[in-house]
Amino acid sequence: MKQRNGEGKKNVDSQTALSPNFQRLAFHPQHSEPNPQHPTPSTHLVRVRYAETDQAGIAHHSSYLPWFEEGRVELLRRLGKPYQEFEAEGIHFPVREAFCRYWAPAFFDDVLIVETSIAEVGGASVRFGYRIIRQVDDGLIAEGLTLHACVDDQGKVKRLPREIRKLLHGEEHSH
């Protein structure tokens, strides 16, 4: 059977198993600066809840994607267009890809800064970048990316409208 994209290989570095585009955009400590072509990153505070931790009091890995979502929703709100307005216009952004690299544990009751930025705006997609930092010591906890398709109410891919592209590029606020 023919191998595709490194399937079946043992001891494959996680970076080499990713697509070239994803590797290019994947976060590394030295590459995690905000993209100057896009708006300034938004910051949002979250507190690690007991329900988000494991028996050792460490935030479970599944908690990070909801924190990313909180940051993403807050970024859109701060750009002047809450997510509900996109939905009212028949524009939705389902997640196509999600990536998270964990650098250090977060613990119960830690206050975390979720820093969210727009990493890339495509013709029918947008990629957000995230950094999660422990507030008390500025320790980098995790970094990640999500790629979202732009779809209509029927779930069909559609190009980002011009005014949305401008908003995501930081060229204008919708209000």
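Net charge in the neighbourhood of Phe107 (other residues with Cβ under 13 Å of its Cβ; Lys, Arg +1, Asp, Glu -1) is -2.
What FRET efficiency would be calculated for the residue pair Arg165, Ile113, taking the C-beta separation as r and a Förster radius of 25 Å, to the nearest 0.05? Each step should come with its number before you reach the end.
Working: r = 28 Å, r/R0 = 1.12.
The value I calculate is 0.35.
If R0 is 41 Å, the Cβ-Cβ spacing of Asp54 and Arg96 corresponds to a FRET efficiency of close to 0.90. Distance between the 7 Å Cα→Cβ label points at Ala88 and Thr40: 2.7 nm.
Sort 126-132, 144-150, 159-165, 104-110 for me by packing, meaning the mean count of neighbouring Cβ atoms within 10 Å per residue, highest on top. Could the numbers behind the result be given before it?
Numbers: 126-132: 24.6, 144-150: 20.6, 159-165: 14.0, 104-110: 16.9.
Result, highest mean Cβ count within 10 Å first: 126-132, 144-150, 104-110, 159-165.
None of the figures in this text is laboratory data; all of them are computed from the coordinates on show. All figures in this text were calculated on a predicted structure; none of them were measured in a lab. Counting neighbours? That spans all protein chains shown, and the Cβs are built from the backbone with ideal geometry, glycine included.
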